[in-house]
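I am attaching a structure below and will ask some questions about it afterwards.
The values are calculated or read from the model by the stated rules, or taken from the named source; none is laboratory data. Treat the numbers as computed from the prediction; the structure is a model and nothing was measured. Quick reminder, even Gly has a Cβ in these numbers, built from the backbone with ideal geometry, and neighbours come from all protein chains shown.
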Amino acid sequence: MTAKISNSDPDPWFILRSNNGSISALKFCKLNGDEVLLSGSQNGRVSIWDLKTRRVKHELEVSNGHGILYVDCVKLNGETCIISHDRGGSIKLFSTDDIAPNIQPIKSMKCHPFGFCPVQLLEEDETCWLGYPSSSDSQVTIVELSLQDNDNQPCFHLKPTTKLGMVMNFRLFGDKVMRYAICGYEDGSIIVWDVNMCHVVDVKQVHNQPVMCIDVDWFNRKIISGSVDNILCVSKINQEMMMEESEKYEWCTTGFACVCVRSDGKLVCCGGWDGRIRLFAWKNMKRLAILKYHEESINAVSFSSDDIIAAGSKDGRITLWEVYRKI
């Protein structure tokens, strides 16, 4: 059963105020059995928020002035780590066993410091794959992530044969047998890649402007993407992994910065440049609510395991919302 909201504008359940400037990345994850919220800021810090006290539990100085593009938790060799990616092209892993203010990364990697495309993870039991933009000419590289240095690790390079501009955003999904990447590019194209074969399965010009945000619902085989204009596109994927004709939904404001489909496939959350958080029924894209609090762009959204919505803004604040939460 899903909780309803009234016709009046709902208020945030709670507001988290950061002293680290603009919020650029968010992710709920489990640390030591408890769910926490990770946030990354434009000044290069990662904060770990305790959801019980709703205060910062730990803070990591990840980079010197480079904004955080991505933050998450990953389990490698039986050890839970926090992974971060910043605009300087640094990917760092921090052990969660003994977090201290001046903790040093247990592993660091470099990727191409160009653009603002965040890395992505694909976890398969004991294996974790890391995808990252690896050049200025649309290439994404995917490697098996490990705490050990291994020059012979499996590696896949996804590089289009035509000029599409920078890769703007992408997602990895699949299983041990088949792995796929859905990549959005600067020219508005979306490509479905067969990762194992480094082969383009399908490509379509979905937007007229750069693909600013993208998410994939693998269970329902649908892609949602947004751009700098006022259009959200929903593309279905058939059994052959080909994209069917995209449905386009126009709204009255321009600029979509982030999008996230809830894990149950019932709700989709979009963050806009206008500071609004828009909720849609994922089945038919019926607009359900517009959440208003922030005056500046929503840069990141995330759902908790019990469907709390977190939205991080350029204004340095994170709002938590309980609307349409399952009860």
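Can you name the residue in region 120-174 that is part of a strand (DSSP E or B) and of a type in the set (Gly, Ala, Ser) and is also modelled with the highest pLDDT among such residues?
Let us first name the residues in region 120-174 that are part of a strand (DSSP E or B), namely 120-124, 127-133, 140-144, 155-158, 167-174.
Filter once more, keeping what is of a type in the set (Gly, Ala, Ser): 131, 174.
Numbers: Gly131: 96, Gly174: 87.
Across region 120-174, the extreme among qualifying residues is Gly131.
Given the residues Ser24, Ser63, Ser41, Ser18, which is the only one that is of a type outside the set (A, V, I, L, M, F, W, C) and touching a Leu at 6+ places or on another chain (Cβ under 9 Å)?
Working: Ser63 fails: touching a Leu at 6+ places or on another chain (Cβ under 9 Å); Ser41 fails: touching a Leu at 6+ places or on another chain (Cβ under 9 Å); Ser18 fails: touching a Leu at 6+ places or on another chain (Cβ under 9 Å).
Answer to the selection: Ser24.
With the requirement that a residue be within 16 Å of the chain's Cα centre (by Cα) and acidic (Asp, Glu), what does region 188-224 give you?
Asp215, Asp217
Every residue in region 258-273 that is surrounded by fewer than 21 Cβ atoms within 10 Å (Cβ to Cβ) and without any contact (Cβ under 8 Å) to a residue 60 or more places away in the chain, please.
Let us first name the residues in region 258-273 that are surrounded by fewer than 21 Cβ atoms within 10 Å (Cβ to Cβ), namely 262-266, 273.
Within region 258-273, Arg262, Ser263, Gly265, Trp273 qualify.
So that you can scan it fast, the table gives a plain yes or no per residue for (1) farther than 20 Å from Pro133 by Cα; (2) assigned to a strand (DSSP E or B); (3) free of Cβ contacts under 8 Å to residues at least 24 places away in the same chain:
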{"position": "Lys176", "(1), (2), (3)": "yes, no, no"}
{"position": "Gly184", "(1), (2), (3)": "no, yes, no"}
{"position": "Ile190", "(1), (2), (3)": "no, yes, no"}
{"position": "Val200", "(1), (2), (3)": "no, yes, no"}
{"position": "Ile214", "(1), (2), (3)": "no, yes, no"}
{"position": "Phe219", "(1), (2), (3)": "yes, no, no"}
{"position": "Ser225", "(1), (2), (3)": "no, yes, no"}
{"position": "Tyr249", "(1), (2), (3)": "yes, yes, no"}
{"position": "Cys252", "(1), (2), (3)": "yes, no, yes"}
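Would you be able to say whether some residue in region 133-142 is more than 21 Å from Met197 (Cβ to Cβ) and either in contact (Cβ under 8 Å) with a residue 40 or more places away in the chain or acidic (Asp, Glu) (or both)? Break it down into steps so the answer makes sense when it comes.
At the first step, the residues of region 133-142 found to be more than 21 Å from Met197 (Cβ to Cβ) are 136.
Now restrict to residues that are either in contact (Cβ under 8 Å) with a residue 40 or more places away in the chain or acidic (Asp, Glu) (or both): none.
Within region 133-142, not a single residue is more than 21 Å from Met197 (Cβ to Cβ) and either in contact (Cβ under 8 Å) with a residue 40 or more places away in the chain or acidic (Asp, Glu) (or both).
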